[in-house]
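As structure tokens, the structure follows; a few thoughts come after it.
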Amino acid sequence: MVIINSENKNNGFGLYLHIPFCKQACHYCDFHFSTSFKKKNELVNALCKELVLRKNELIGKVETIYFGGGTPSLLSSEELKQIFEAIYANYKISEAPEITLEAN
């Protein structure tokens, strides 16, 4: 996971969560990924732990939540729920955050 400070007047910031799983390798892709889903649950748990560990690093509200990859649309609704619960429990969230989830 990467936290991006947007340096705007509201002191808001964005969260980027890297989900490195893909059904298949694309010939054009240079990003880190895996076609094995064996560790997907471990990754989700690790992301949630990291969200807790880093909650005091930035002041302000989360304005954007970006799931990149890989193919984050491979996450189940339960896995997404677990991540969102960790975000909302540990960060101040703007009234209408922009949420993006890459799909393939």
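Among the residues making up segment 69-91, a single one is more than 17 Å from Lys39 (Cα to Cα) and not in a helix (DSSP H, G or I): Tyr91. Somewhere in segment 57-78, is a residue at pLDDT 95 or above and surrounded by fewer than 16 Cβ atoms within 10 Å (Cβ to Cβ)? Yes, segment 57-78 has at least one match.
Of everything in segment 25-55 that is closer than 12 Å to Gly69 by Cβ and in a helix (DSSP H, G or I), the residue that is modelled with the highest pLDDT is Leu43. Picking from residues in segment 86-104 that are within 12 Å of the chain's Cα centre (by Cα) and of a type outside the set (Gly, Ala, Ser), the one that is farthest from Arg54 (Cα to Cα) is Glu102. Selection of segment 50-77 for residues being of a type in the set (A, V, I, L, M, F, W, C), more than 11 Å from Leu101 (Cα to Cα) and touching a strand residue (DSSP E or B) at 6+ places or on another chain (Cβ under 6 Å) yields Leu58, Val62.
Of all residue pairs spaced 6 or more apart or on separate chains, those with beta-carbon atoms under 6 Å, a first member in segment 89-102 that is over 22 Å from Leu74 (Cβ atoms) and a second member that is in a helix (DSSP H, G or I) are Asn90/Leu51; Asn90/Val52.
The values are calculated or read from the model by the stated rules, or taken from the named source; none is laboratory data. Everything numeric in this text was worked out from a predicted model, so none of it was measured. A quick note on method: Cβ atoms are made from the backbone with ideal geometry, for glycine too, and the neighbour counts reach across all protein chains shown.
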